[in-house]
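Structure first, then comments.
Here, each number is a calculation from the coordinates, and none is a lab measurement. Just so you know, these numbers come straight off a predicted model, no measurement behind them. Ideal geometry is used to build each Cβ from the backbone, glycine not excepted, and the neighbour counts take in all protein chains shown.
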Amino acid sequence: EDQVTQSPEALRLQEGESSSLNCSYTVSGLRGLFWYRQDPGKGPEFLFTLYSAGEEKEKERLKATLTKKESFLHITAPKPEDSATYLCAVQAYSGGGADGLTFGKGTHLIIQP
Amino acid sequence: DTEVTQTPKHLVMGMTNKKSLKCEQHMGHRAMYWYKQKAKKPPELMFVYSYEKLSINESVPSRFSPECPNSSLLNLHLHALQPEDSALYLCASSQDLVGRAFFGQGTRLTVV
C-alpha cells in the first residue's frame, strides 16, 4: 500500500524566516511526486511535479527536491501570502489500472508578518 | 482554458434526496477524477475515468455513482447519503494517467 507522510503537521514562521517541509513516501514504483498548495475551502493548486531522484524544481520562493525516499519543499524568505496547507502526493505504477494521487495529510504553514 | 469547473459550489441535501454534482474541463484531458475531502484531512480518491474506463476505489459506497457523458464532463450522482458524507468533493483532470492534475474549486456538500 502506498504511504505518504508529511512533517511537520503545522509550522509557524516569521516573515523572511526560511524553512523546509518534508514528505516521506513508500510506493511500489513511483510514477511521480507532486506538491500542491491548498487554501481553506478551495481546491489544491499545483506547484511541482518530480519524477526521479535528484530532480529539483524551483518557482519564486519555493524549491522542491526529490530523493528515493523523500521530498523536501524549501521556502526561502516566505511572505504572509505563502500561508496555506502544502500537500504532497504520489502516483504509483499499478497493474494496468488507472491510479489517482495518494496524498499526505499536509503541512499547515502560517507566516506571521 | 486551464480550468476545471464544478457546479454547484454548495449543496445541502436531505438523506432521501437524489442530487448530482457536475464537473467540466475543456483542456482535452483524457483522465478525470473524483476526490472526497473531509475537514482537515487530505483528499481521498473515489473514482477515475480514463479512456472510457472507470476505476473505483473499493471503499466508496454504492450511494455514490459516477457518470461520464463525454470526455469533457464528469458527473457524480448522489442517492440516500448519510450525514458522514458531508465533505468537499473535488473534481480533477489530467492529460493522461501520469502527470499534473488540475483541480476544480470543489462542491461543499452538507447532508442533513
Some residue of segment B:73-88 being within 10 Å of chain A (Cβ to nearest Cβ) and either over 20 Å from A:Leu33 (Cα atoms) or in contact with a Ser or Thr (Cβ under 9 Å, 6 or more places away or on another chain) (or both):
yes
When the residues of segment B:96-112 are narrowed to those that are in contact with a His (Cβ under 9 Å, 6 or more places away or on another chain) and surrounded by fewer than 17 Cβ atoms within 10 Å (Cβ to Cβ), which ends up farthest from the other protein chains (Cβ to nearest Cβ)?
B:Thr110
What residue, of B:Gln105, B:Gln6, is more than 27 Å from A:Leu30 (Cβ to Cβ), in contact (Cβ under 8 Å) with a residue 24 or more places away in the chain and outside any loop (DSSP other than H, G, I, E, B)?
B:Gln6
Can A:Ser71 be described as among the small types (Gly, Ala, Ser), touching a Cys at 6+ places or on another chain (Cβ under 6 Å), without any contact (Cβ under 8 Å) to a residue 60 or more places away in the chain and surrounded by 15 or more Cβ atoms within 10 Å (Cβ to Cβ)?
yes
Which residue, of B:Ser93, B:Ser20, is out of contact with any Gly (no Cβ under 6 Å at 6 or more places or on another chain), within 14 Å of another protein chain (Cβ to nearest Cβ), polar (S, T, N, Q) and in a strand (DSSP E or B)?
B:Ser93
Of the conditions (1) in contact (Cβ under 8 Å) with a residue 60 or more places away in the chain; (2) assigned to a loop (DSSP other than H, G, I, E, B), A:Gly41 fails just one. Which one is it?
(1)
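So that you can scan it fast, the table gives a plain yes or no per residue for (1) in a strand (DSSP E or B); (2) in contact (Cβ under 8 Å) with a residue 40 or more places away in the chain; (3) more than 19 Å from A:Leu109 (Cα to Cα); (4) of a type in the set (Ser, Thr, Tyr):
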| site | (1), (2), (3), (4) |
| --- | --- |
| A:Tyr25 | yes, yes, yes, yes |
| A:Arg31 | yes, yes, yes, no |
| A:Tyr36 | yes, yes, no, yes |
| A:Glu58 | yes, no, no, no |
| A:Thr65 | yes, no, no, yes |
